[in-house]
Every structure is written in C-alpha cells, then in structure tokens.
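Below is one structure, written out as structure tokens; comments come after it.
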Amino acid sequence: MEKKNIDWSNLGFGYVQTDKRFVSNYKNGTWDEGTLTSDANVVINECAGVLQYAQTCFEGMKAYTTEDGHIVTFRPDLNAKRMADSAARLEMPVYPEDKFVEAVKQVVAANAAYVPPYGSGATLYVRPYMFGSSSVIGVKPADEYQFRVFTTPVGPYFKGGAKPITIKVSDFDRAAPHGTGHVKAGLNYAMSLHAIVTAHAEGYDENMYLDAATRTKVEETGGANFLFVTKDNKVVTPKSSTILPSITRRSLMYVAEHYLGLEVEEREVHIDELKDFAECGLCGTAAVISPVGKIVDHGKEICFPSGMEEMGPVTKKLYDTLTGIQMGRIEAPEGWICKIC
Ligand SMILES: *Cc1c(COP(=O)(O)O)cnc(C)c1O
C-alpha cells in the first residue's frame, strides 16, 4: 500500500480528512450492521437530540506503525468499555464492545495509507463517537442514534523535546459530585472551554481542577489525569469518582509497578501536598505524558525539583517504557497491542 504524500513530522494536531469512516445507525431498538463510507458529512434534523440537549459521547485513541512494520492500536477494548459506560450514563444505547473494536480496525485498515511510518513520531488519531440523531423537543433521550468512527493523521506531540508546562489551579469546576466527570461526554468539554481560553489568555498551558465539593483535592485537567512522583520515587495518582478514567494513566501505573518495580498509590491528593512532590505529569492518549514544571495556586508558585527544562527522571522512565511497549520495542502485557495489519 502506497502511503499518502504527507510531511508526517510537521503535521499538527488538526483535522485532516481521510478516505473512509464507519457509520452505524440505531433505529427501532437495534443497531444496523454498519458500513464504511466516503461521505465525511453528517446530515441530521435541526431538532436532533445532540443539537438541542448535547446527547453525545466520544472516545480518542491512536493507530500507529510498530518497529516491525505492523499497524496496531493500543487497548481498544478499554475504549469500547468506557464508551459503553458513557452511553449508559447519557441514556444512549450501548454500541456492542466487540463491534466497537471491529469498527475501529476496519476504519484504520481502510485508511492505512494515512498511518504514519514508524519513527516519524506521528500517529493516526481515531475518534469513535455517537449522538442522538432523531428529533427531541421535550427533554428526553432521542429514539435514534448514530455511531461513527473517523480518523485523522496527527503530528508528533512534542516537537523538539518535551518541555515542562505551567498550569494554574482553576477557579472553575470541571465535574460535580455524582455528575458526569467520569464519562467522556462532549458536555464536559463544552463547559470547560471558557476556563481553558481564560487560562491561556493569562499565560498558562492548562488548568488544574479541584474537587467541586471541598475545593481542597486535586482532580485532573480538562483532558488529562495527573501522575505525581514522591521524593522517594512512589508514583501517586489522585483517586476520585469524578475523574475520567484515563487508559494511559491506568497503563502507566501498571508499568510503574510491574516493569519499573516502583510503589504505586491511587489515593486522594490534597492541594497542600503538591509542594512535597518531586515530579508531576499529565497523562492522556495524545502526549502519553506531558511533564509539568510549575503549578500556580493564586499567585503562589509550586516549582517541582525536575525544573522547566526536561522531564523528571521517573516520568521519563515511565514515558520511555510505555512508548517502547506501544511501538513494539518492549514486550507488552497480554492483550495490550491490537494488531490490525
Ligand atoms: C480522554 C480524557 C483523558 C485521557 O484518557 P486516555 O484514555 O488516557 O486518553 C483524561 N481526562 C479527560 C477529562 C478525558 O476526557
């Protein structure tokens, strides 16, 4: 298969239309077989549930080329499960988990020409999502839904090395207790846009959200979970029922414990403890880990000993090990790498 003529290492993180996408419709209580299509546009009624009451959820994952030349994705079964949880919380019909994985594989295989070569640092980003497609004016779930998967090639997250970022403790909340913070719903992002635009205007890279009930405990950023490293090399991640369960974070905690022999802890992290940590990172599919150099809490600066020039040593080891597993340079735990072709 001939690769597309794309300058892979200079690609940004934006939408580039690829050849095929998967579409399945839910009607009269069942999902149809689904099919690949060349049509990148969605046509729905002006009163569709997604347009009026934001009934939609999504996933994000990557396909990439391993060292030995195969195209793979990473733990798609966990994305399928998480989307099922999101759909259930939003009163949407669950798209069957095995069919979710099949759809992802079909779309990636159909767009293999857009999967960047090994070593380019670029990947094919995969976006499964679903939405209420039938008209709804009284507040209730839609009767009909559409599940889609499209792909877009994205460039290396870190161009010229991973520089630590500066984040602020936000005065906005991301997720309410017993709300929707634990599911990947578009509505969580819609209401975070004002907070991130404000943070950027003030010169910060990201927001640290606290728990909405007491505003004393660390939750996450708008789209990534936190990892901290203590001065005695313990890896700590915040525990909360309103955090989105990042697959990258869960994988990194496993790697810390089983590959690097580090002690790991998922527990509540109090804002007053931040100054005691040695390293901090943000984890998500896009970057794997972004190092955090500084957190600003209402004018009070917390600077991690790892500094503003490079990743902390434990963060770096975690990053190198997980990316090594993903790229096929280090043996993966059973079931983590899903071979497509
Ligand atoms: C998607 C997402 C993450 C990262 O999850 P991954 O599965 O690692 O990509 C973290 N936080 C939020 C709020 C998210 O939406």
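The values are calculated or read from the model by the stated rules, or taken from the named source; none is laboratory data. Because the structure is predicted, anything quoted here is derived from the model rather than measured. As a convention, Cβ positions derive from the backbone with ideal geometry for all residues, glycine included, and neighbour counts pool all protein chains shown.
Some observations on this one:
- The set of residues from segment 72-83 being surrounded by fewer than 20 Cβ atoms within 10 Å (Cβ to Cβ) and away from the ligand (no atom under 14 Å from the Cβ) is empty.
- Looking across segment 197-242, the residues that are away from the ligand (no atom under 12 Å from the Cβ) and of a type in the set (A, V, I, L, M) come down to 197, 199, 201, 208, 210, 212, 213, 218, 229, 235, 236.
- Among the candidates 172, 158, the residue that is over 30 Å from residue 71 (Cβ atoms) and either of a type in the set (A, V, I, L, M, F, W, C) or surrounded by 16 or more Cβ atoms within 10 Å (Cβ to Cβ) (or both) is uniquely 172.
- Residues within segment 168-216 that are in a strand (DSSP E or B) and not acidic (Asp, Glu), tallied: 6
- Single residue of segment 268-315 satisfying the filter (of a type in the set (Lys, Arg) and in contact (Cβ under 8 Å) with a residue 12 or more places away in the chain) that is farthest from residue 218 (Cα to Cα): 294
- Restricted to strands (runs of 3 or more DSSP E) entirely inside segment 222-276, those with at least 3 residues that are in contact with a Leu (Cβ under 8 Å, 6 or more places away or on another chain) are 225-229, 235-238.
- When residue 87 is tested against (1) without any contact (Cβ under 8 Å) to a residue 60 or more places away in the chain; (2) of a type in the set (A, V, I, L, M, F, W, C); (3) more than 16 Å from the ligand (Cβ to nearest atom); (4) buried (at least 17 other Cβ atoms within 10 Å of the Cβ), exactly one condition is not met: (3).
- When the criteria are applied in full, residue 45 fails the requirement of being at pLDDT below 95 and either within 23 Å of the chain's Cα centre (by Cα) or more than 15 Å from residue 125 (Cβ to Cβ) (or both).
- Identity of the residue in segment 124-142, part of a loop (DSSP other than H, G, I, E, B) and in contact with a strand residue (DSSP E or B) (Cβ under 8 Å, 6 or more places away or on another chain), that ends up surrounded by the most Cβ atoms within 10 Å (Cβ to Cβ): 133
- Residue 291 vs. criteria at pLDDT 95 or above, within 30 Å of residue 64 (Cα to Cα) and outside any helix (DSSP H, G or I): yes
- Against the test of being away from the ligand (no atom under 16 Å from the Cβ) and touching a helix residue (DSSP H, G or I) at 6+ places or on another chain (Cβ under 6 Å), the options 27, 20, 99, 105 yield a single qualifying residue, 20.
- Taken over segment 243-287, the residue count meeting the criterion of being within 16 Å of the ligand (Cβ to nearest atom), crowded, with 23+ Cβ neighbours inside 10 Å, under 21 Å from residue 163 (Cβ atoms) and among the hydrophobic types (A, V, I, L, M, F, W, C) is 4.
- Check on residue 104, of a type in the set (Val, Ile, Thr) and within 30 Å of residue 252 (Cβ to Cβ): yes
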